[in-house]
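See below for the structure under consideration.
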Amino acid sequence: MQLNFSGLRALVTGAGKGIGRDTVKALHASGATVVAVSRTNADLVSLSKECPGIEPVCVDLGDWEATEKALGGVGPVDLLVNNAAVALLRPFLETTKEDFDRSFNVNLRSVLQVSQIVARGMINRGVPGSIVNVSSMVAHVTFPKLAVYSSTKGAMTMLTKSMAMELGPYKIRVNSVNPTVVLTAMGQKVTADSEESQKLKERHPLRKFAEVEDVVNSILFLLSDHSASTSGSGILVDAGYLAS
């Protein structure tokens, strides 16, 4: 499937590492102009060398005022990938107010804020658009020490559907991708225990975790016109986990 995003401008959050970084690289290679948002400037510097011409924006999306200042005047955006997230591993009984606030501010509130900024621009320009929220299969299943993270992703499911319903009349589609463990830096934290990691892998019918490329390909599909009638949906990239 050949995807061509020439002439379109995309914004990707959490662009410095993992899924976000590879999404930026894939969009750049497919002709899009990309605004890459990360809180780590060093990651943006190295990404700019790999993808000349991207527009780096360094901001902590957990800070509402800083985000408004950094992205309020971002200009026309046709495609949005809300990928930024934190996974603070903590048993339920040890979870703190700070854990809760940080997780919801970055993982969910920033999706609302950035999507509002981008969608208003699309509506004002009278153009269609596509928004993809990077969620997780733990929106649907439980994992130890991920009570708050899972809650942010469960809430994202309803936010995605609500956005799709309200933005649909403006020809703006909103969907999510819900991967299983992906062995990015974040994923490696979740699977640090090699024995438990192996047991978890064997619970997947395909006996594997997801590759970053698998998730990126699903994001690109949802951004593209190949999914023109898909909105309010979530693609499971879970190696069959939820079927088992």
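What follows draws every value from the coordinates through simple rules; no lab data is involved. No experiment lies behind these values; they were computed from the predicted model shown. Note: ideal-geometry Cβ built from the backbone for every residue, glycine included; neighbour counts use all protein chains shown.
Remark: the chain carries a charge dipole of roughly 260 debye about the Cα centre, counting +1 on each Lys and Arg Cβ and -1 on each Asp and Glu Cβ. Which helices, taking whole DSSP H runs in the chain, have alpha carbons extending 15 angstrom or more along the helix axis plus mean Kyte-Doolittle at least 1.0? Result, helices passing both filters: 212-223. Ratio of Rg to Rh for region 106-244: 1.01 [Cα atoms; Kirkwood radius as inverse mean 1/r over pairs]. Helical content of the chain, expressed as a calculated mean residue ellipticity at 222 nm, amounts to -13000 deg cm²/dmol (DSSP H runs of 4 or more residues, -39,500 (n - 2.57) each, divided by residue number, nearest 500). Given axes a ≥ b ≥ c from the Cα gyration tensor, I'd like to know whether region 1-64 is rounded (a/c under 1.5), prolate (a/b larger than b/c) or oblate. Since a/c reaches 1.5 and a/b is larger than b/c, the shape of region 1-64 is classed as prolate. Taking the inverse of the mean reciprocal distance over all distinct Cα pairs, the Kirkwood hydrodynamic radius of the chain comes to 18.1 Å. Computed over the chain with a Gaussian network model linking Cα atoms closer than 10 Å, the most mobile of LEU11, LEU112, LEU93 is LEU93. Shown for region 40-98 is the translational diffusion coefficient from the Stokes-Einstein equation, using the Kirkwood radius over Cα pairs, a temperature of 4 °C and a viscosity of 1.567 mPa s: 90 µm²/s.
For LYS208, the lysines whose Cα comes closer than 24 Å to its Cα, not counting residues fewer than 8 places off in the same chain, are LYS17, LYS145, LYS153, LYS189, LYS199. What does the charge count around LEU71 come to, taking other residues whose C-beta lies under 14 Å from its C-beta (Lys +1, Arg +1, Asp -1, Glu -1)? Net local charge, LEU71 excluded: 0.
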